[in-house]
Each structure stands twice: as C-alpha cells, then as structure tokens.
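Undergrad: This is the structure, below, for whatever I ask next.
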Amino acid sequence: MILEHTRIYREELADYFRRGNKPREAWKIGTEHEKVGYCTQTLRPIPYFGEKSIQHLLQRLADWNHDEQWLAVLENGNPIALKHGMASITLEPGGQLELSGAPLATIHETHDEVGRHFDLLRQLNKELEIGFLAVGFQPKWKRGDIPWMPKARYNVMREYMVKVGNKGLDMMLRTATTQANLDFESEADMAKKMRVAYCLQPMVTAMFAASPFKDGKPSGLLSTRADCWLDTDPNRTGIPKCVFEDDFGFEAWTEWVLDVPMYFVLRDAEYIDCTGESFRDFLEGKLPMLPGEYPTHADWELHVSTTFPEVRLKQFIEVRGADAGGWDWISALPALWKGLLYDEKILNKAWDMVQGWSHAEVVELMQNVPKTALKTPFLDNNVQFYAEIVLNMAKEGLKNINICDDKGRCEMQYLKPLFEVVESGETQADKWLKSYHNEWNQNIDCLFKEASHD
C-alpha cells in the first residue's frame, strides 16, 4: 500500500520509524560521503554553471557510457542529482558532491562501490580541470567565495539559518562528512543502538578529525566541521535528551521530531516556506501557509529529514559525526559501526560501558572534542583511551561476524587507518598542522595536493 500522498494522523507518526524494523538476516549498511570540490587551475570552489562546472560534471556523468548508468534528476531544468538503483549522487549547498551509496551486505561491497565512484570521477576530473578534497571543511575560501547550488530548498534554509545560529551557513557551504546508515530489528534494538551510538559518537568525531583549517590558516580546532554543528540550530541538532531516558522508543523520538520547527512543505514540485512553524499545528490543519490542509505521509518523511542530530533515526539509524576523508577512511566508518552495532555480544559490551554515562557528560564531551580530539579529557581518562577500547570492540565484532573477501580477508582490514590514529595519538588534522608549520611553510595551497582524492 502506497501511503505517500495520503493524510497522516498523529497516531501514525511513530509507525514511520517502526516500519524500519528488519530481521537480522536482512540488515545492510549504507555509506554516504561528501567531497569539497575545487578548480585545479585556481583552487577556487567549482561553480555550478559554466564549461568547467558542477552542472557540466553531472551532465557528463549522466551521459557517460559505462556499466553504471546514472539518471539525472532535474530542478527547473538544472541537474541537481543523479540516481542509479538505490544509490544517488547529490549536491550539498556549496557544491560538495555526495555519493549516497546503496544499502549493501558487506563492507567489501562498500569499499568496491566507493572505488568505482572515484574511478568514474577520475576520468572526468582531468577533462574539466576540477578536483575534490578529502577534508571536513573548506580550508582556503571564505563563505562569501562559495557559490550556492540552484536547489530551491537551500534558498529557504539559508534565510532561516541566520536566525537560529551563527555557523549554519558555514555548515551548509563549507563542511563535508562521511556517515553510515544501519538497521535495527525492534524498538528495543533501536533504542540500545541509538544510546550506544550517541555515547560513542564523540570518540568517532575525534578519530576522524580532518578539518583543522579555515580561511587559509589554522582554525584553532581539529574538527572545524564538528564545531559548526555546535552553533547551527539548537532545536534540530546535537544530542536529544530523550535518547537517555529509560523509556526511550519510537514515540519518544516522534515527540522530539514534532518539537523541531518546520522548514518547508513540497507542493507541485515547489517548496513552500514554513520556517519556524509547528508540525503539531499542521496535524490540526492550522499551518498558516496551508490553512485547512492536513499533512501527508510524505510531509512527515520530509520533516523527519530536516532534523540534524548527531545520530538520526529514520527507518534506519544514521551516524553523522565524522569528517570527510579518503577512500580508506570512507570504508573505515561503516566498518567501525558495523563491528560495534551488528554483533550482539559487542553491542551488549558497548552498552555495559556507556549506560552509566549521563546526557550532560556526553553533551559536554561533544562540545570539547572539536578542539582537542583524542586529547580531550573524559571521565577519569581521555578520548584516546576510550577510542582504543571502542576500536578493539569493533575489531572483535567484525571478527565474530567473519565475512571475508575473495582473498580471505575479514572486514577488520578496513579499521587500519583508525588503529594508526589511536596508536599514534595523532589525527589526520594533527598531521596536517605539523606539515603546515614545517614543510608547507604555512602555505595552505599545499593541502590541495596532499588531501586531494586521486
């Protein structure tokens, strides 16, 4: 039964999340990663229009004669996304290019999917004289230097962002992330995974810190991307307290989402600005922009997608707190979370570790991690100490799951860059800062060679 365009009632809202329940044998994992684009001749951000542009790149990808045929999605005649089966290539507001990968059964498949994506881009990058950076924040150019992509929803968001936070436009235009999407089998399983994921997210943010620059110089942070989210919109970001309550479940998450102010509704392919309005009023037919009209299932799904907490519940769980990175780093993130959340023994072990952590403690940790990453104090030790524990748990979980590639290698192999970080105590951000002050002679342009996706 297709519900998308039918009216949704208050008692049905939580069912949207409940329909995400899947038996363990059906669990998959999806991986999404963003890249900061630049023109190779000038290092400037890639414009949307022009001969060497995002528009031209999307058109060439859609026209390319290769095994994976990508179909263009148009808005006002402009390509704004591409689709191939369950996967898509989309645009973030500042032209960051995102691959939203298909739900896949193994990290081996994820690694191959990412590799094919980069192989395809590599064939066009040289032709268009463009490149992409594996960083969490645009390192050189100021906010005003970055062109906005022609997507109508971003016009609504950019006007609202400045009313609710100081760094929302930076988040939109200058950040890039990698995230993983994971399944759950029941309400109880979802609640446990959400709590564990929220508690461990600061350790992940620290390990993946790769954005120490802003406006062409050190920002004073190791994850400038994560810092942006601390001052974007307190009503829709951060760590909801309800996840730490003993009775947390689908209804509690529904109430939190209902408390998030609306952005817009979509009617006849047009976005109607509803910023600041209440979805609760919409349920009663009292939305000022659509008086007497009631929300549909599609309206609720759209509203759910405009919440941006560190871990987001949809019909799967999105872990959203890592800086963008290179190919190995992209594969490392889903491997880490799969090892932690998909092996029951390890999930329970992680739960035992974090269940005593309070909401206030985790919030404070998340606020401190962007600056000091692994060296951030936490409880009676520091983040590096806990990150090592977390990483070893993930390794054990993947070992227990024991899915090998055709060469007999387990998914544990994809954790390698994280072990290097934790054992050395140096994040990618720390390494780049050392290079900046030494062999780069404080020239940020060197990062474009060092951090470019090959």
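Undergrad: Among (1) touching a Phe, Trp or Tyr at 6+ places or on another chain (Cβ under 9 Å); (2) crowded, with 18+ Cβ neighbours inside 10 Å; (3) among the aliphatic types (A, V, I, L, M), there is one condition Leu290 misses while meeting the rest; what is its number?
TA: Every listed condition holds for Leu290 apart from (2).
Undergrad: Go through the stretch 1-46 and give me each residue that's under 23 Å from the mean Cα position of the chain (by Cα), within 30 Å of Gly216 (Cβ to Cβ) and assigned to a loop (DSSP other than H, G, I, E, B).
TA: Those that are under 23 Å from the mean Cα position of the chain (by Cα), within 30 Å of Gly216 (Cβ to Cβ) and assigned to a loop (DSSP other than H, G, I, E, B): Pro45, Ile46.
Undergrad: Sticking with this one: What tally of residues in the stretch 61-92 results from selecting those that are charged (D, E, K, R) and either touching a Gly at 6+ places or on another chain (Cβ under 7 Å) or within 20 Å of Val114 (Cβ to Cβ) (or both)?
TA: Of the residues in that region, 4 qualify.
Undergrad: Now, a different point. Can you tell me which residues in the stretch 149-200 are hydroxyl-bearing (Ser, Thr, Tyr) and either under 28 Å from Tyr386 (Cβ atoms) or more than 18 Å from the chain's Cα centre (by Cα) (or both)? Show your work before the answer.
TA: Our first condition is that a residue be hydroxyl-bearing (Ser, Thr, Tyr); within the stretch 149-200, this holds for 154, 160, 175, 177-178, 186, 198.
Scanning the stretch 149-200 gives Tyr160, Thr175, Thr177, Thr178, Ser186, Tyr198.
Undergrad: Checking the condition basic (Lys, Arg) and touching a Gly at 6+ places or on another chain (Cβ under 8 Å), which residue from Lys375, Lys449, Lys416 passes? Walk me through it before giving the result.
TA: Details: Lys449 fails: touching a Gly at 6+ places or on another chain (Cβ under 8 Å); Lys416 fails: touching a Gly at 6+ places or on another chain (Cβ under 8 Å).
Only one candidate qualifies: Lys375.
Undergrad: Further question on the same structure: Looking at the stretch 396-421 only, could you name the residues that are in contact with a helix residue (DSSP H, G or I) (Cβ under 8 Å, 6 or more places away or on another chain), within 21 Å of Gly326 (Cβ to Cβ) and acidic (Asp, Glu)?
TA: Within the stretch 396-421, Asp405, Glu411 meet the criteria.
Undergrad: OK, next. Output the residue which, of all residues in the stretch 404-454 that are among the aliphatic types (A, V, I, L, M) and in contact with a strand residue (DSSP E or B) (Cβ under 8 Å, 6 or more places away or on another chain), is nearest to Ile389 (Cα to Cα).
TA: This residue is Ala429.
Undergrad: Being free of Cβ contacts under 8 Å to residues at least 60 places away in the same chain, crowded, with 17+ Cβ neighbours inside 10 Å and either touching a strand residue (DSSP E or B) at 6+ places or on another chain (Cβ under 8 Å) or under 24 Å from Cys228 (Cα atoms) (or both) narrows it down to one residue among Leu313, Leu333, Leu302; which is it?
TA: On inspection, the qualifying residue turns out to be Leu302.
Undergrad: Residues that are at pLDDT 95 or above, of a type in the set (Val, Ile, Thr) and out of contact with any Gly (no Cβ under 9 Å at 6 or more places or on another chain): find the helices (runs of 4 or more DSSP H) completely inside the stretch 180-284 holding 2 or more of those.
TA: 250-259
Undergrad: Look at Lys449 and say whether it is under 29 Å from Leu43 (Cα atoms), over 25 Å from the mean Cα position of the chain (by Cα) and of a type outside the set (S, T, N, Q).
TA: no
Undergrad: If the Cβ limit is 6 Å and pairs must be 6+ apart or interchain, which residue in the stretch 72-96 that is in contact (Cβ under 8 Å) with a residue 40 or more places away in the chain pairs with which residue that is of a type in the set (D, E, K, R) and assigned to a loop (DSSP other than H, G, I, E, B)?
TA: Once the first residue is in contact (Cβ under 8 Å) with a residue 40 or more places away in the chain and sits in the stretch 72-96, its partners that are of a type in the set (D, E, K, R) and assigned to a loop (DSSP other than H, G, I, E, B) give Ile80/Lys151.
For (1) touching a Phe, Trp or Tyr at 6+ places or on another chain (Cβ under 6 Å); (2) surrounded by 15 or more Cβ atoms within 10 Å (Cβ to Cβ), each residue gets a yes or a no:
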{"position": "Lys28", "(1), (2)": "no, yes"}
{"position": "Glu34", "(1), (2)": "no, yes"}
{"position": "Gly37", "(1), (2)": "yes, yes"}
{"position": "Pro47", "(1), (2)": "no, yes"}
{"position": "Gly50", "(1), (2)": "no, no"}
{"position": "His56", "(1), (2)": "no, yes"}
{"position": "Glu68", "(1), (2)": "no, no"}
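Undergrad: Could I ask something else about it? Look through the stretch 436-454, keep the residues that are of a type in the set (S, T, N, Q) and surrounded by fewer than 15 Cβ atoms within 10 Å (Cβ to Cβ), and return whichever of them is nearest to Leu398 (Cα to Cα).
TA: Among those that are of a type in the set (S, T, N, Q) and surrounded by fewer than 15 Cβ atoms within 10 Å (Cβ to Cβ), it is Asn438.
Undergrad: Could you list, ordered by first residue, the pairs with Cβ atoms under 9 Å in which the first is in the stretch 21-34 and closer than 10 Å to Ser100 by Cβ and the second is surrounded by 16 or more Cβ atoms within 10 Å (Cβ to Cβ) and among the aromatic types (Phe, Trp, Tyr), at least 6 apart or interchain?
TA: Listed by first residue and then by second, the contacts come to Gly30/Phe316; His33/Trp329.
Undergrad: In addition: Select, from Gly276, Gly238, Gly285, Gly220, the only residue that is closer than 26 Å to Lys349 by Cα and not hydroxyl-bearing (Ser, Thr, Tyr).
TA: Values: Gly276 fails: closer than 26 Å to Lys349 by Cα; Gly285 fails: closer than 26 Å to Lys349 by Cα; Gly220 fails: closer than 26 Å to Lys349 by Cα.
Result: Gly238 is the single residue among Gly276, Gly238, Gly285, Gly220 that is closer than 26 Å to Lys349 by Cα and not hydroxyl-bearing (Ser, Thr, Tyr).
Undergrad: Further question on the same structure: Looking only at the stretch 247-292, count how many residues are within 22 Å of Glu4 (Cβ to Cβ) and of a type in the set (Lys, Arg).
TA: 2
The values are calculated or read from the model by the stated rules, or taken from the named source; none is laboratory data. Here the structure is a predicted model, which is why all the values come from computation and not from measurement. Cβ sites come from the backbone with ideal geometry, for glycine too, and all protein chains shown count toward neighbours.
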